[in-house]
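Take a look at the structure below.
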Amino acid sequence: MELWTYATPNGWKVTIMLEELKEAGVDLPPVEIRTVDIMNREQFEAEFTAVSPNQKIPGLRDGNRTLMESGAILLYLAEKYPSPLLPQDDSKWEVIQWLFWQMAGVGPTFGNKLSYTRYMDDVPAEQKAHPLKRFTAEAQRLLRVLEKQLERKDFICGDDFTIADIACFPWVRGWKWSKIDITGHANVVAWVKRVRARPGVDRGLSYGFSQDEVDQWSDKTKQQYASGGASIASNESIDSGG
Ligand SMILES: N[C@@H](CCC(=O)N[C@@H](CS)C(=O)NCC(=O)O)C(=O)O
């Protein structure tokens, strides 16, 4: 198996998944990690486009099967290697529903909020004001939904940690970078702490970073992500990509 990825929230979903499968006792085949340097436009190269036609990480190759979209990759791995990360009875639909909620809601909203907060220095403040207000409000609404879902539960779908938690965690734990304040949502804060403490999550999150930077980026790293993010998020990059 080959995982094509980069150290970002969507990339960490899959590195966490692989480590959590190992924690669940699955005997995984060797996985070759192919880093796609999205800061240097490697996502547009033909070799990667063959794996991910949408030209975004993560991508997976398993024999003749290629897959893009982190949610599809999580489902693929969860089905291929059964474990409590995706129940096999009817309750799997609960997990799939929250997985899609992350993909359609949390990912795009947190991603857009992050872009306007960190990656659009050249856009005048008055032009950013409305999108910032909108994505902040929508992110807070999604956090209220998550807060309620986590009432009296350790994880999003109950007692078991699942691919729904894996999908949501990397975006929510990055709240300081995206400046989406989670501190008013006590269940969410406790859940982030609980998930972060898992050994599989710890190993998966360390992809792309030295141990001392996993939870606290250095100024140099912040600078690198800010300038790389700015060139990825620019309209010119979208127009010229692919
Ligand atoms: N919905 C996709 C989103 C993937 C995505 O946006 N990946 C980003 C990194 S987190 C990327 O590759 N960006 C490069 C670009 O936009 O050119 C997924 O969940 O896999």
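Need the list of aspartates and glutamates near K148 for cross-linking: C-alpha distance under 16 angstrom, and skip anything on the same chain fewer than eight residues off.
Cross-link targets: E94, E138, D159, D165.
Mind listing the long-range amide H neighbours of I33? Cut-off is under 5 Å, sequence gap 5 or more, other chains count too, H placed in the peptide plane at 1.01 Å from N.
L3
Would you mind telling me which residue in A164, A24, A139 has the biggest mean-square fluctuation in a Gaussian network model of the chain, where springs connect alpha carbons within a distance under 10 angstrom?
The residue with the greatest mean-square fluctuation here is A24.
Going by how many other Cβ atoms sit within 10 Å of their own, how do L146, L77 line up, fewest first?
So the residues, fewest neighbours to most, are L146, L77.
Which of D159, D202 has the fewest other C-beta atoms within 10 Å, and how do the rest follow up to the most?
Lowest count first: D159, D202.
For the chain, what does -39500 (n - 2.57) per DSSP helix run (n ≥ 4), summed and divided by total residues, give at 222 nm, in deg cm²/dmol to the nearest 500?
-16500 deg cm²/dmol
Testing the spin-label approximation: label points 7 Å from Cα along Cα→Cβ at S234 and K179. State their distance in nm.
Spacing of the two 7 Å Cα→Cβ label points: 2.1 nm.
Would you calculate the separation in nanometres between label points at S227 and E213, each defined as 7 Å from the Cα along the Cα-to-beta-carbon direction?
For the pair S227/E213, the computed spacing is 1.4 nm.
What number, in nm² with one decimal, is the all-direction average of the projected area of the convex hull of the alpha-carbon atoms of the stretch 92-204?
7.2 nm²
Limiting things to C-alpha atoms, what are the Rg and the maximum Cα-Cα separation (Dmax) for the chain, in angstroms?
Cα radius of gyration and Dmax of the chain are 17.6, 53 Å respectively.
Can you pull out the chymotrypsin sites (Phe, Trp or Tyr not before Pro) in the stretch 10-76 whose DSSP state is coil and whose Cβ has at most 10 other Cβ atoms within 10 Å?
Here no chymotrypsin sites (Phe, Trp or Tyr not before Pro) fit, given the DSSP loop and packing criteria.
Since every read-out is calculated from the coordinates, none of them should be taken as a lab result. Remember, predicted model here, so these are calculated numbers, not experimental data. No Cβ is skipped: glycine too gets one built from the backbone with ideal geometry, and neighbour counts run over all protein chains shown.
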